[in-house]
Amino acid sequence: MKYILLVFCLILISPTYAKKLHVGWEIWYPYISRNNQQQLVGLDVEILNAILVKVGYTSEYTELPWKRHLHYLKTGEIDVAMGASISEERLRYAVFTQPYRKETIKLFVKTGSKDKIKLTTLSDISKSDYMIGAESGYYYGNEYQALMKAAEFREHIIEVNDIEENVTLLLKGHIDGFLVAPATAKAFSSKYQMKGEFEQHTLKIYQADIHIMFSKKSVKPEIIEVIDNAISELKQSGELDKIIEKWYQLN
């Protein structure tokens, strides 16, 4: 009887049977934020919750900066990251689902200045006098990653924690523009009543598929496969597109 009870207790505390995933997050409009009731809301949150309901899992959310979030995925202290791009570095410690949405990164500048800022390619930044804000730990594409290895490009980039810092630096004149997804810029300006303060430059930065990312150390491959199947079901039913369309219309 003692042996049976011991086995039962081990099953209860086993991660396989607990069916709970630890998810990191930081504010990223319109993908994840808190509402007035301090509940987590957003496009990515709603999509992840819809997936977890399908597979019978629950989640525990921990707020932390993106760079630390990536470190905890490496160590297995956090299981999941939403809204992730695939990169060679991340593939060393993480596994990705199929894409569930797309993302575009653009350069945003003060309204009225986009025609004055003469940038045609990313590499033009190296030969300019412009300072550009970027969020630490974020992936802006292979070209950006390659350029960041050169000091003459890197000295024009100021890395900050979030869009709030970038907007503050832009409005104070400390940077000439910042990199961000148009949906994020739109949601941020709407929330803080800053419409008309900044505009999108024509410079092309990056566009790619977006995935859910799992720690290789803490999440078993069979769990990721089940979640990937759930994404396929949400796509086929049209529910995924409805969630995406709803949040883009709200902002």
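Derivation of every value follows stated rules applied to the coordinates shown; laboratory data play no part. From a predicted model like this one, the values you see are computed outputs, not experimental measurements. Backbone-built Cβ (ideal geometry, glycine too); neighbour counts: all protein chains shown.
On the stretch given as region 53-102, residues that are farther than 19 Å from Tyr31 by Cβ, in contact with a strand residue (DSSP E or B) (Cβ under 9 Å, 6 or more places away or on another chain) and loosely packed, with under 15 Cβ neighbours inside 10 Å total 3.
Being over 28 Å from Thr75 (Cα atoms) and not aromatic (Phe, Trp, Tyr), is that true of even one residue in region 208-219? The answer is no, given that none of the residues of region 208-219 is over 28 Å from Thr75 (Cα atoms) and not aromatic (Phe, Trp, Tyr).
Quick check on region 28-41. Is at least one of its residues closer than 16 Å to Ile231 by Cβ and surrounded by fewer than 21 Cβ atoms within 10 Å (Cβ to Cβ)? No, region 28-41 has no match at all. Do we find that Glu222 is more than 23 Å from Val41 (Cβ to Cβ) and charged (D, E, K, R) in this structure? Answer is yes for this residue. With respect to the stated conditions, Glu135 fails to be touching a residue at least 12 places away in the same chain (Cβ under 8 Å), surrounded by 15 or more Cβ atoms within 10 Å (Cβ to Cβ) and farther than 23 Å from Arg90 by Cα.
In region 85-122, the qualifying residues are those that are in a loop (DSSP other than H, G, I, E, B) and without any contact (Cβ under 8 Å) to a residue 40 or more places away in the chain, and the one that is nearest to Asp209 (Cα to Cα) is Glu88. Exactly one residue among Ile125, Ile47, Ile78 is in a loop (DSSP other than H, G, I, E, B) and not polar (S, T, N, Q), and that residue is Ile78.
Yes or no, residue by residue, for (1) assigned to a helix (DSSP H, G or I); (2) surrounded by 17 or more Cβ atoms within 10 Å (Cβ to Cβ); (3) not basic (Lys, Arg):
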site: Tyr144; (1), (2), (3): yes, yes, yes
site: Glu165; (1), (2), (3): yes, yes, yes
site: Leu169; (1), (2), (3): yes, yes, yes
site: Phe178; (1), (2), (3): no, yes, yes
site: Ala183; (1), (2), (3): yes, yes, yes
site: Ala187; (1), (2), (3): yes, yes, yes
site: Ser190; (1), (2), (3): yes, no, yes
site: Ser218; (1), (2), (3): no, yes, yes
site: Ile243; (1), (2), (3): yes, yes, yes
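Just one of the numbered conditions (1) surrounded by fewer than 19 Cβ atoms within 10 Å (Cβ to Cβ); (2) β-branched (Val, Ile, Thr); (3) touching a residue at least 60 places away in the same chain (Cβ under 8 Å) is not true of Ile158: (3). Of all residues in region 182-203, those that are at positive phi have Cβ atoms under 9 Å from Cβ atoms of residues that are surrounded by 16 or more Cβ atoms within 10 Å (Cβ to Cβ) and small (Gly, Ala, Ser), 6 or more apart or on another chain, in Gly196/Ser189.
Given the condition farther than 25 Å from Glu26 by Cβ, surrounded by 14 or more Cβ atoms within 10 Å (Cβ to Cβ) and of a type in the set (Lys, Arg), answer yes or no: does some residue in region 112-132 qualify? Yes, some residue in region 112-132 is farther than 25 Å from Glu26 by Cβ, surrounded by 14 or more Cβ atoms within 10 Å (Cβ to Cβ) and of a type in the set (Lys, Arg).
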